[in-house]
Amino acid sequence: MGNHSIDNTFSIPYLKGNLSEIWGESSDSLEVQPLAGDASTRRYYRIFERDNPENDRRLILMQLESPQPNSEIDFIVLTKYLAAL
């Protein structure tokens, strides 16, 4: 995503900068809300356009504590397996 440096934690400016490039919107129009997590090491964010919160450009982003590049995390592998059944 973009030319931003990658850090161990996502900052709200980092997320807004990258998403504004992807969505073609000003980063000022994007709302990034950290969500309360569970007991895991994952962090979650709700992201949407502030001026148009009812449109389809909404997402929940999950940040892993130790992502493994080019690999799928276990629950994605399990979801694909169950969907194929």
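The values are calculated or read from the model by the stated rules, or taken from the named source; none is laboratory data. No experiment lies behind these values; they were computed from the predicted model shown. Methodologically, a virtual Cβ is constructed for each residue, glycine included, from the backbone with ideal geometry; neighbour enumeration extends over all protein chains shown. Surface accessibility is based on the protein's heavy atoms, side chains included, excluding ligands, DNA and RNA. Shrake-Rupley method; radii C 1.70, N 1.55, O 1.52, S 1.80 Å.
Evaluated against (1) within 17 Å of the chain's Cα centre (by Cα); (2) at pLDDT 85 or above; (3) more than 15 Å from ILE12 (Cα to Cα), LEU85 falls short on exactly one condition, (1). LEU35 meets each of the listed conditions (1) at pLDDT below 75; (2) open to solvent by less than 70 Å² (accessible area, probe 1.4 Å); (3) not hydroxyl-bearing (Ser, Thr, Tyr) apart from (1).
Residue by residue, here is whether (1) at pLDDT 80 or above; (2) in contact with a helix residue (DSSP H, G or I) (Cβ under 8 Å, 6 or more places away or on another chain); (3) open to solvent by less than 60 Å² (accessible area, probe 1.4 Å) holds:
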residue	(1), (2), (3)
SER26	no, yes, no
GLU31	yes, no, yes
SER40	no, no, yes
TYR45	yes, yes, yes
ASP56	no, no, no
ILE60	yes, no, no
